[in-house]
Amino acid sequence: MEINNKFKIIHLKTTHSTNRDCVELGKEGKRNIIVVSDIQTKGKGRLDRFWYSNYGGLYFSILLDIKDINVEQINFIVSLSIVDTLKNYLTKDFGTVGRQKPKVFRIKFPNDIIVKNNSSIGYKKISGILGEINLNYGFVVVGIGININNSIDAEINNIATSLKEIGEKEFNKQDILNEFIINFNKYNKLTEKDILNKYKENCITIPMTREGRSSNLAVSTGIILYEAIRQNYNDGNFSSEK
Ligand code: BTN
C-alpha cells in the first residue's frame with residue numbers, strides 16, 4: 001500500500017499516552033510525527049476520562065504544525081478519515097451476508113465514531129478522537145483510538161465495540177493505520193465546503209450549543225476548538241508555559 005511519507009512514524013510497544021508523547025515532541029520543535037503504541041498505560045479520553053488501551057487496539061497521535069492545518073476543521077477531517085477507513089474494511093471484509101444488514105459507521109458529534117450492530121441494540125462506539133492545541137509552541141496533537149482486535153472491558157461493553165467483535169475476525173492494524181493516513185491526506189486537500197457536506201452526510205447527531213440549542217456546523221467548530229483549548233488548560237501546559 002502506497003502512503004504519503006510526510007509523516008515520520010514512531011512505533012512503541014508501550015507508553016503512557018501517545019498524545020503526551022506528541023506534546024513532548026511538539027515542545028522540542030518536532031512536527032509531522034505519528035506516535036503509535038501497542039498499549040497505553042494512561043490513555044486519555046475527552047473530559048479527563050480514561051481511554052482503555054489494552055493490546056490489540058490501534059492507538060496513535062498525530063503531531064501537526066498549527067500553520068499547516070485549519071484548526072477548525074481538523075476534527076471533521078479526522079472523523080471522516082476514520083469513517084472512510086473503517087467503511088473500506090466493511091466492504092472488503094463484511095459485505096452483506098444472507099439477510100444480515102450491512103453495518104454502518106457514523107460520526108456522533110463531536111468526536112465519536114459509532115457502528116450500528118446487527119443485533120439492533122443501537123449504536124456502539126468504536127473510536128474516539130482527542131485534540132489538543134498548544135498555542136505557545138504552535139502545534140496541534142490529534143489522538144485517535146480505534147478498537148480493532150482488543151477485548152472490550154466489561155465495564156463498557158454495553159456502549160463500546162471493536163472491529164473484531166463485529167467482523168468476527170482479527171484485522172491488520174498496520175494496514176488500517178496506512179489506510180487512515182491515505183484518507184487523512186485526501187481530506188486535507190478538499191475544500192471547506194466539501195468537508196462540511198461530507199461531515200453532514202456522515203454525522204448522526206445535530207450539533208448542539210452549550211446552552212442546548214441546535215447549532216450550525218460553524219458554531220460547532222468553535223465548540224471543538226474551545227474543547228481542545230480547555231483540554232490543554234486541564235493538562236496545565238497551556239497558560240503556564242512560555
Ligand atoms: C474519547 O473518545 O474520549 C477520545 C479518546 C482518544 C483516545 C486516543 S488513543 C491515542 C491517543 N492517546 C491518548 O492518550 N488518547 C488518544
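Could you give me the residue pairs with C-beta distances under 6 Å whose first residue belongs to the range 4-24 and is touching a residue at least 60 places away in the same chain (Cβ under 8 Å) and of a type outside the set (D, E), whose second residue is part of a loop (DSSP other than H, G, I, E, B) and away from the ligand (no atom under 13 Å from the Cβ) wherever it lies, and which are 6+ apart or on separate chains?
Every condition considered, the pairs that remain are K6/N32; F7/N32.
Please enumerate the residues belonging to the range 1-55 that are in a loop (DSSP other than H, G, I, E, B), under 24 Å from F171 (Cβ atoms) and either in contact with a strand residue (DSSP E or B) (Cβ under 6 Å, 6 or more places away or on another chain) or within 15 Å of the ligand (Cβ to nearest atom) (or both).
If the condition is that a residue be in a loop (DSSP other than H, G, I, E, B), under 24 Å from F171 (Cβ atoms) and either in contact with a strand residue (DSSP E or B) (Cβ under 6 Å, 6 or more places away or on another chain) or within 15 Å of the ligand (Cβ to nearest atom) (or both), then F7, S17, T41, G43, G45, W51, Y52, S53, N54, Y55 are the ones that fit.
Being open to solvent by 20 Å² or more (accessible area, probe 1.4 Å), over 20 Å from L80 (Cβ atoms) and outside any loop (DSSP other than H, G, I, E, B) is the filter here, so list the residues in the range 124-165 that pass it.
Selection gives A154, E155, I156, K164, E165.
Have a look at K6, K44 and point out the one that is among the basic types (K, R) and in contact with a helix residue (DSSP H, G or I) (Cβ under 7 Å, 6 or more places away or on another chain).
K44
Step by step: first the residues of the range 79-116, then only those that are in contact with a Gly (Cβ under 8 Å, 6 or more places away or on another chain) and at pLDDT 85 or above, then the one that is surrounded by the most Cβ atoms within 10 Å (Cβ to Cβ). Which residue is that?
Residue satisfying both the conditions and the ranking: I113.
For the range 37-58, enumerate the residues that are open to solvent by 10 Å² or more (accessible area, probe 1.4 Å) and hydrophobic (A, V, I, L, M, F, W, C).
I39, L47, F50, W51, listed by residue number.
Can you pull out every residue in the range 158-173 that is within 16 Å of the ligand (Cβ to nearest atom) and closer than 18 Å to Y55 by Cβ?
A160, T161, S162, L163, K173
The values are calculated or read from the model by the stated rules, or taken from the named source; none is laboratory data. This one's a predicted model, so the numbers in the text were calculated from it and none came from an experiment. Note: ideal-geometry Cβ built from the backbone for every residue, glycine included; neighbour counts use all protein chains shown. For the accessible areas, the whole protein counts, side chains as well, though only heavy atoms, and no ligand, DNA or RNA atoms are used. Shrake-Rupley method; radii C 1.70, N 1.55, O 1.52, S 1.80 Å.
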